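Nothing in this text is a laboratory measurement; each read-out follows from the coordinates by a stated rule. Treat the numbers as computed from the prediction; the structure is a model and nothing was measured. Here Cβ is always computed from backbone atoms with ideal geometry, including for glycine, and neighbour counts include all displayed protein chains.
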Amino acid sequence: MKKIISLTLCLVLGSFVLAGCSDNSEPFEEKSYTSDTQINEINLDVQDREIEVSLSEDERVHIQYSENSKEFYDISVSDENVLTMVSTSDKEWTDYIGRKPSVEDRKISLQIPNALLENLILSTTNEDITLSALDVIGSISISSNGGNIAFGNLDVGNALSLTVKNGDISGMVVGSYDDFAIQTEIKKGESNLPDNKDSGEKTLNVSGNNGDVNIEFVNG
């Protein structure tokens, strides 16, 4: 009798697991956002999404992304013209069982005007962040937990901060080595930067855990 009860419980639990693993998730819809005013700062704080940054062909900010009723975004612009994009979820526990969204559905494409933003802040998990060559008047802060950070020539007005866990950092920073005061903290990885360098009008802060860092300084 006990064997029959155990078998029945296993069958019931198995049916729930199979139901959760079945491909019955809601499809994603491609969407886009375009700013209707000049943006001073951008703050993208998302989860499990690749972020790709390129230059805008006009002076507006453009974002292409995909969402559904379970995984979507809160996009807002403050009175100070700070654009914020944050991941929002309305998932049940069964929604976490099964296949994750496709590569395209997990990608956010951000186009920004060159040399007009005061600050750019990007954060994600389990995906890469890539940036083309661009200028920011103030600072850039980039963080990825579980992905790589790669960039072309980045020109910052005063500060560049890069943080990665279980990933690599690679790219080029506009300016000379002497232009930057550098703070580097690397665990379980290699870096071509010094741990500490005090002199420099700008700051470069780099933190890596279980990944390598390779940053070059180039002329603008």
**Fill in**
Taking 58-71, 130-143 and ranking on average Cβ neighbours within 10 Å, highest first, one gets 130-143, 58-71
**Request:** Estimate the FRET efficiency between Asp36 and Glu201 by the formula 1/(1 + (r/R0)^6), using the beta-carbon distance for r and 35 Å for R0, to the nearest 0.05.
**Result:** 0.50
**Message:** On C-alpha positions alone, give me the angle between the axis of helix 2-21 and the longest principal axis of the chain, in degrees, nearest 10.
**Reply:** 40 degrees
**Item:** Surrounding net charge for Ala181, when Lys and Arg each add one and Asp and Glu each subtract one, Cβ distance under 12 Å
**Value:** -2
**Request:** Would you calculate a helix-derived [θ] at 222 nm for the chain, using -39,500 (n - 2.57) for each DSSP H run of n ≥ 4 and dividing by the full residue count, to the nearest 500?
**Result:** -3000 deg cm²/dmol
